């Protein structure tokens, strides 16, 4: 006999899909509740409010993203490929989690300029993971002195790829273009190391 997900998990699943496809502002609480088949009291008992629910959904999404990216990095053939595995992970994540307007973290950040501590912390953790891992992966290519610069450049290109997807660019083309630009940036910095 198949067990139904808990009310908490149904809420997390519902809000994650809705904010990824509709955005925060276009996703009122009643739509989340209807999709999850729960009462308002259940949402408030588990998460306090809509923002608390979104923060928890982002934390869960970040855990998945971290795992997907680690898996992509582990199969990278070269140190450069390891840095560029962030692009592979983006494609792989889309295959696993389904369509999204662009980056859920960027979408939430853009739609909630004033946010509570938990939501702000979830968004910060995403940026920290990206920056820290890119810097770690870039270090063997460009050295300690330029690893931070390399991480920022690749993150800038990665964010641009997400923006191009939002603009309607074909994901495969956007990722291939971004990967190529990031590779050129890394090689340029490597020549300076």
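Bear in mind these aren't lab numbers, they're just calculated from the coordinates by the rules spelled out. Being a predicted model, the structure only gives us computed values, none of them experimental.
Kirkwood hydrodynamic radius of the range 149-189 from all distinct Cα pairs, in Å?
By the Kirkwood definition, the hydrodynamic radius is 10.1 Å.
Only helical DSSP H runs with n ≥ 4 go in: add -39500 (n - 2.57) per run for the chain, normalise by residue count and round the 222 nm mean residue ellipticity to 500 deg cm²/dmol.
That comes out to -27000 deg cm²/dmol.
How many percent of the alpha carbon pairs in the range 4-77 exceed a separation of 17 Å?
Tail of P(r) above 17 Å: 45 percent of Cα pairs.
Please list the equivalent ellipsoid semi-axes of the range 48-116, computed as the square roots of five times the alpha-carbon gyration tensor eigenvalues, in descending order and whole angstrom.
Gyration-tensor ellipsoid for the range 48-116: 27, 12, 11 Å.
Got the relative contact order for the range 62-192 handy, in percent, Cα pairs under 8 Å and 6 or more residues apart?
That works out to 27 percent.
Once both axes come from the Cα atoms, what is the angle between helix 171-192 and the longest principal axis of the chain, in degrees from 0 to 90, rounded to 10?
Taking the Cα atoms of the chain, the angle to 171-192 is about 40 degrees.
On a 0 to 90° scale, report how tilted helix 144-166 is relative to the longest principal axis of the chain, with both axes built from alpha carbons and the result rounded to the nearest 10.
Here the helix axis deviates by roughly 50 degrees.
Give the Rg/Rh ratio for the chain, taking Rg as the radius of gyration of the Cα atoms and Rh as the Kirkwood radius, to two decimals.
A ratio of 1.02.
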